[in-house]
Amino acid sequence: WLDAIFARGRLSLNMEAAQPRLSDRYLRLRKARHPLLDRKKAVANDLELGDRFDTLMITGPNTGGKTVTLKTLGLLTAMVGCGLLIPVSDGSKLALYRQILVDIGDEQSIAQNLSTFSSHMVNIIDIMGKADKDSLVLIDELGAGTDPIEGAALAVSVIEYLRQKGAHIAATTHYAELKAYALDTPGVSNGCCEFDVETLRPTYRLLIGVPGRSNAFAITEHLGMDPAVVRAAKEIVGSENRQFESVLENLESARKALDEERAAATKERQEAERLAAKAREEKSKIDTLRDRELDKA
């Protein structure tokens with residue numbers, strides 16, 4: 001028993017972990033890191049679920065960090081349930097869920113004659129049967145592996161079913177229909193793993209409230225695919241999807257501009273605070289000198 005306590009303490013020190021406050025129905029993690037990633041390299045992210053929204057749809061490019069975000073959410077929740085401190089900053093809150101229901105990874109099986117889609121559906125049907133108001137549900141690539149239109153419709157139906165049972169849900173997707181669903185549905189929020197189009201690399205930052213683009217065309221062209229093939233693919237994509245991607249691109253540009261303005265405003269505020277502190281210091285010196293001269297007089 002004592003060995004377990006000291007082991008938890010040593011692990012907490014190694015991870016530079018903190019103790020979150022416990023909440024009844026929501027989690028809000030500040031600067032959360034995956035516990036197995038190198039803390040010097042891992043990008044810390046803010047995560048929330050259950051307060052402003054009960055469902056988070058995470059979008060963005062492949063290798064952008066969507067699955068790692070789901071795993072971070074699940075692992076940190078499980079760690080707190082085991083009495084462990086977690087790699088977050090102060091001010092974090094976390095709900096103790098009775099069960100964490102997860103469908104992550106490809107369970108394709110030749111022996112059981114299950115395709116990728118079928119294996120995911122078997123897991124999701126099991127999750128739907130078990131989920132309740134004390135459940136955290138994490139689903140990777142919801143609705144993938146089948147016809148995109150049917151897969152997206154099925155994904156929305158599954159999400160709505162789980163929401164009616166009171167579960168908190170985080171799911172990843174590439175479907176534009178699910179991004180639109182999250183934009184239009186109260187209690188459902190988009191989140192995206194940021195992608196730097198200039199360097200064509202993911203930044204691993206999670207942005208809550210913003211839908212992300214898959215950037216498949218940009219990535220494939222960067223990897224060396226013939227630009228003519230990429231242009232032809234862009235022409236094949238439906239006009240509605242192009243318009244939606246264009247809207248997302250404009251949102252992304254607007255967000256970046258706002259981030260730059262916020263950074264500039266923060267810098268100016270810090271400079272103003274520095275000058276104000278300096279002015280107060282000078283005034284204090286002048287007051288001291290005045291009092292000294294009055295004493296002399």
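Results, tabulated for the structure shown:
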{"item": "Count - residues of segment 128-182 that are surrounded by fewer than 19 Cβ atoms within 10 Å (Cβ to Cβ) and not in a loop (DSSP other than H, G, I, E, B)", "result": "15"}
{"item": "Scope segment 1-11; condition more than 23 Å from ARG98 (Cβ to Cβ), free of Cβ contacts under 8 Å to residues at least 40 places away in the same chain and part of a helix (DSSP H, G or I); matching residues", "result": "LEU2, ASP3, ILE5, PHE6, ALA7, GLY9, ARG10"}
{"item": "Wholly enclosed strands (runs of 3 or more DSSP E) of segment 12-103 bearing at least 2 residues open to solvent by 60 Å² or more (accessible area, probe 1.4 Å) and more than 29 Å from ILE125 (Cβ to Cβ)", "result": "21-23, 27-32"}
{"item": "Residue identified as closer than 29 Å to ALA180 by Cα, of a type in the set (Ser, Thr, Tyr), in a helix (DSSP H, G or I) and modelled with pLDDT of 70 or more among THR266, THR220", "result": "THR220"}
{"item": "Any chance ALA155 is free of Cβ contacts under 8 Å to residues at least 60 places away in the same chain and under 22 Å from LEU47 (Cβ atoms)", "result": "yes"}
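For (1) farther than 20 Å from GLY74 by Cβ; (2) at pLDDT 85 or above; (3) not basic (Lys, Arg), each residue gets a yes or a no:
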position: THR172; (1), (2), (3): no, yes, yes
position: TYR175; (1), (2), (3): yes, no, yes
position: TYR181; (1), (2), (3): yes, yes, yes
position: PRO202; (1), (2), (3): yes, no, yes
position: GLY212; (1), (2), (3): yes, no, yes
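Okay, residues lined up against (1) open to solvent by 80 Å² or more (accessible area, probe 1.4 Å); (2) hydroxyl-bearing (Ser, Thr, Tyr); (3) in a helix (DSSP H, G or I); (4) modelled with pLDDT under 85:
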{"position": "ARG231", "(1), (2), (3), (4)": "yes, no, yes, yes"}
{"position": "GLN243", "(1), (2), (3), (4)": "yes, no, yes, yes"}
{"position": "SER253", "(1), (2), (3), (4)": "no, yes, yes, yes"}
{"position": "GLU282", "(1), (2), (3), (4)": "yes, no, yes, no"}
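The values are calculated or read from the model by the stated rules, or taken from the named source; none is laboratory data. Note that the structure is a prediction, hence the values are computed from the model and not measured. With ideal geometry, Cβ positions are generated from the backbone for all residues, glycine too; neighbour counts draw on all protein chains shown. Ligands, DNA and RNA are stripped out before the accessible areas are found, and what is left, the full protein with its side chains, is counted by its heavy atoms. Shrake-Rupley method; radii C 1.70, N 1.55, O 1.52, S 1.80 Å.
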